[in-house]
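Single-structure report; data block below.
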Amino acid sequence: MSTLPESPFSPEDIAGEGLKPGEYEEIVQRLGRHPNKAELGMFGVMWSEHCCYKNSRPLLKQFPTTGDRILVGPGENAGVVDFGDGLQLAFKIESHNHPSAVEPFQGAATGVGGILRDIFTMGARPVAVLNALRFGSLDDPNTRRIFTGVVEGIAHYGNCFGVPTVGGEVYFDRAYTGNPLVNAMAIGIMETESIVKSGASGIGNPVLYVGSTTGRDGMGGASFASAELSDESLDDRPAVQVGDPFLEKCLVEACLEAFKTGAVVAAQDMGAAGITCSTSEMAANGGVGIDLDLDKIPVRETGMVPYEYLLSESQERMLFVAAKGREGELVDIFEKWGLHAVVAGEVIEDPIVRIRYGGSIAAEIPATALADNTPIYHREILPEPPEYAQTAWKWSVDSLPSCSELGLDLAGDRKTWNDILLQLLDTPSIASKKWVYRQYDHQVQNNTVIVPGGSDAAVVRLRPQEPKAGEAHESPTDAQAYNCGVAATVDCNARYVYLDPYEGAKYVVAEAARNLSCVGAEPIAVTDNLNFGSPEKPIGYWQLASACQGLAEACETFGTPVTGGNVSLYNETLDADGNPTSIYPTPVVGMVGLIEDLTKVCGQGWRNEGDAIYLLGMRTSIDRSIDASPTLAASEYLAVVHDTVAGRPPRVNEDLEKIVQTACRHGIRQSWANSAHDCSEGGLAVALAEACMSGNLGANISLDIPSQRRWDEVLFAEGGARIIVSVSSEYVQAWEQYLSATVGHHWQKLGTVSGASLKVVSGETTILDVSLAQMKEQYDGSIERRLA
């Protein structure tokens, strides 16, 4: 090969596009020349971690991705699963972390808009949204600004679009200071006869640009999402997109109408990396090329150059491949909805992405070089856990201050168990998220079966807006005719994953399946959002690799294949001196489950005075030496009351989890169980308190505890595959016979639903006695007090 001229780009130019020197050399080798500015930008966004998963792809290959119900797995805009009776569900989770740190409202809003487009690009109508949010401490004014902006952005987009936000989770921890996590999950019901995919085909078929105009907003958002956050990140506001939910509402209707004509061969959302990503992925997925003319693209700003067109992440835009000769039908549909639709290119045989501008070729790159034949880094995993983990694992419960039935001795100050329970209920991560979800419209579309805060998982009726062929269209009042539902949850205890990424990640999957089981749903499939720090650091990669192994094994165990998801790395903040601080490793799992009969679902609150209360899973008298027993290690109690993050988090006993979850689902389906709630953060005492507050009824609990057991372990230990269930007195005998036959000794009767307080006794000694009013005051007002 002849000697190439000197690169037209400085090392700073190359680094500014998010590329390493070795990656630039690889680009030159593949092209046989130096790239131009537009091409360099295209490689920069497409070779970013956000788009090509160059550090995580080898790890993702171990995930189970197939199953009897899986129709579409990883690689498309969203996964699709078969829910039976002709119902097909599309679902996926995506992150918008860095944009939300810089511009909370628009960052969060466009995160919702982007995940909704992923769903309806498949031919599905969005029916529900969930979100998993992480913030720093609410004591910090900047955290309060980010938190309120994110919630407002989510509410704005979802409410205006007309999709219910039905569930989620919100955590607060100093580990997320300056680097919030905003993960949005969406679910949709397929409306088209066939699933719309992204692979372009048909040489000569026209390529249509549809939707909104292109501007300079969101420039290089994919690269921005693949870098650490610093004090200068506020200067990157142009990398944050600006959304229009009302326009997107028109876009979904136009897309679904267009898909039903049969004139659309392939479709791709313009999300991260905009035109660059949509052209290259459609071409690569179809094994063809795309020739696109930027002069045909509708713009909202003047003077744009190819680099800006190609890297813009303006929202509410799509790229279609149409059947030749039928493009006019599609243009008419979009124009009817007040949207742009233009033929901007065509499918070509040569597998390249060719971009034209001003009568010349502005960029020409092999499609696979951008979309799938990208750099992959096989990094070495630490041979042994890092020092921080080994030090944390040395923690022992014996290091805690002494305690008794009366309370805990803290530096000469006695705290009663009432005091500690109320302290935990006032902790924002545990406390009611009513301040958040009351801003969301969670009942639009009239299919939300259980409102947020009422159960361990969201429950949505699956009622298609379009009738099946030959059927009369049901009116909204005929909702009860549709008795099938989807349950959905998003889960992750990041503190567990930080302290033990492998076991912590397994616990994430187990807890998600447990939450679905608590509403009576059969777990079906998973979408995941892997939020981690830098994979280039040995500890960061160890966390990522170990967590992926745990997720893969647990998904296999629980029969919940992974249909897709998102990887968000480099979640680190740089201080003024350039020192990085990583978030906790946070692999969020979004899981969906099937409810065949919506008359057989459960909430978490007590329903009737006099109902018997049971604990499924490891009993309160279990010895801590038993493997996978409940523990105070890594617990909310240890972090909040003792300001300590240490210990090995609870191990997952997969066999016990499956037995307990099956028993819970069976009790709900037999109409024996009136409520079900899993024991998670805060342990047994917090779970009982939440059931009391949710049902507005008290409970009388009696515990017989061995003398060697610490009372804080009994009340606040976490883990043990535990679920609290309340059962009507008429079904107690049948329920207990069933438990004895299936669960063995892993259950116990705790007491009864009674009165207006939570009372826990051991023999003649009262351990806890807290009124509903006291608990609600702390629990309901926690977040609002900190925002005042």
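The values are calculated or read from the model by the stated rules, or taken from the named source; none is laboratory data. Remember, it's a predicted structure, so these values are computed and weren't measured experimentally. Cβ placement follows ideal geometry from the backbone for every residue including glycine, while neighbour counts extend to all protein chains displayed. Heads up: the accessible areas ignore ligands, DNA and RNA and are worked out on the full protein's heavy atoms, side chains in. Shrake-Rupley method; radii C 1.70, N 1.55, O 1.52, S 1.80 Å.
Side notes on the structure shown:
- A344 being closer than 27 Å to P35 by Cβ, open to solvent by less than 10 Å² (accessible area, probe 1.4 Å) and assigned to a strand (DSSP E or B): yes
- Within region 190-211, being in contact with a Leu (Cβ under 7 Å, 6 or more places away or on another chain) and open to solvent by less than 10 Å² (accessible area, probe 1.4 Å) holds for V207, L208, Y209, V210, G211.
- Number of positions in region 581-596 that are within 19 Å of S546 (Cα to Cα), open to solvent by 10 Å² or more (accessible area, probe 1.4 Å) and part of a strand (DSSP E or B): 1
- Remark: pairs (first residue in region 758-778, over 13 Å from I420 (Cβ atoms); second residue open to solvent by 70 Å² or more (accessible area, probe 1.4 Å) and among the acidic types (D, E); Cβ separation under 6 Å; 6+ apart in sequence or on different chains) = T765/E405.
- Positions within region 351-383 being among the charged types (D, E, K, R) and open to solvent by less than 80 Å² (accessible area, probe 1.4 Å), in sequence order: R354, E364, D372, R379
- When E6, E39, E25 are checked against the criterion of being more than 34 Å from the chain's Cα centre (by Cα) and part of a helix (DSSP H, G or I), E25 stands alone in meeting it.
- All of (1) among the basic types (K, R); (2) in contact with a Pro (Cβ under 9 Å, 6 or more places away or on another chain); (3) under 19 Å from T416 (Cβ atoms) hold for R710 with one exception: (2).
- Just one residue in the set R134, R117, R144 is of a type outside the set (A, V, I, L, M), buried (at least 24 other Cβ atoms within 10 Å of the Cβ) and part of a helix (DSSP H, G or I); that residue is R117.
- Among residues of region 331-343 that are closer than 11 Å to A254 by Cα, those with a beta-carbon under 8 Å from a residue that is open to solvent by 70 Å² or more (accessible area, probe 1.4 Å) and part of a helix (DSSP H, G or I) at least six positions away or on a different chain give the pairs A341/E335.
- Checked against (1) surrounded by fewer than 22 Cβ atoms within 10 Å (Cβ to Cβ); (2) outside any loop (DSSP other than H, G, I, E, B); (3) aliphatic (A, V, I, L, M), I626 passes all but a single condition, namely (2).
- Neighbours by Cβ (under 7 Å, 6+ apart or cross-chain): first from region 713-738, touching a residue at least 60 places away in the same chain (Cβ under 8 Å); second in a helix (DSSP H, G or I) and among the hydroxyl-bearing types (S, T, Y): F716/Y637
- Any chance L294 is under 20 Å from G328 (Cβ atoms) and crowded, with 22+ Cβ neighbours inside 10 Å: no
- Number of the condition not met by T416 [criteria: (1) out of contact with any Leu (no Cβ under 8 Å at 6 or more places or on another chain); (2) free of Cβ contacts under 8 Å to residues at least 12 places away in the same chain]: (1)
- Selection status of S48, more than 21 Å from Y307 (Cβ to Cβ) and open to solvent by less than 20 Å² (accessible area, probe 1.4 Å): no
- Looking across region 173-194, the residues that are assigned to a loop (DSSP other than H, G, I, E, B) and within 23 Å of the chain's Cα centre (by Cα) come down to D173, T177, G178, N179, P180.
One line per residue, one yes/no per condition, for (1) modelled with pLDDT under 95; (2) open to solvent by 20 Å² or more (accessible area, probe 1.4 Å):
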site	(1), (2)
Y437	no, yes
Y440	no, no
V444	no, yes
Q465	yes, yes
K468	yes, yes
A488	no, no
A505	no, no
V508	no, no
E522	no, yes
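- Which numbered condition G719 misses (of (1) more than 24 Å from the chain's Cα centre (by Cα); (2) under 25 Å from L758 (Cα atoms)): (1)
- Test: A554 is aliphatic (A, V, I, L, M), in contact with a Pro (Cβ under 6 Å, 6 or more places away or on another chain), open to solvent by less than 10 Å² (accessible area, probe 1.4 Å) and within 20 Å of K658 (Cα to Cα): no
- Screening region 363-386 for residues that are touching a Lys or Arg at 6+ places or on another chain (Cβ under 9 Å) and of a type in the set (S, T, Y) and picking the one that is farthest from V305 (Cα to Cα) gives Y377.
- Applying a threshold of 7 Å to beta carbon distances and a minimum spacing of six or more residues, or different chains, the list of pairs starting in region 363-383 at a residue that is within 17 Å of E349 (Cβ to Cβ) and ending at one that is open to solvent by 60 Å² or more (accessible area, probe 1.4 Å) and in a loop (DSSP other than H, G, I, E, B) reads P366/P351; A367/P351; T368/P351.
- Test: residue in region 161-172 that is under 28 Å from D372 (Cβ atoms), outside any helix (DSSP H, G or I) and in contact with a strand residue (DSSP E or B) (Cβ under 6 Å, 6 or more places away or on another chain): no
- Here region 409-431 is the region considered, the condition is being at pLDDT below 95 and aliphatic (A, V, I, L, M), and the residue that is farthest from the chain's Cα centre (by Cα) is A411.
- Residues of region 303-316 include none that is outside any loop (DSSP other than H, G, I, E, B), under 15 Å from V210 (Cα atoms) and open to solvent by 30 Å² or more (accessible area, probe 1.4 Å).
- Of the helices (runs of 4 or more DSSP H) lying entirely inside region 205-301, those containing at least 1 residues that are touching a helix residue (DSSP H, G or I) at 6+ places or on another chain (Cβ under 6 Å), at pLDDT 95 or above and closer than 18 Å to N77 by Cβ span 245-260, 274-286.
- When the residues of region 324-335 are filtered to those that are open to solvent by 10 Å² or more (accessible area, probe 1.4 Å) and touching a Ser or Thr at 6+ places or on another chain (Cβ under 9 Å), the one that is farthest from G289 (Cα to Cα) is I333.
- Selection from region 733-766 of residues that are open to solvent by 50 Å² or more (accessible area, probe 1.4 Å) and touching a Phe, Trp or Tyr at 6+ places or on another chain (Cβ under 7 Å): K749
- Condition check for G578: touching a residue at least 60 places away in the same chain (Cβ under 8 Å) and part of a strand (DSSP E or B): no
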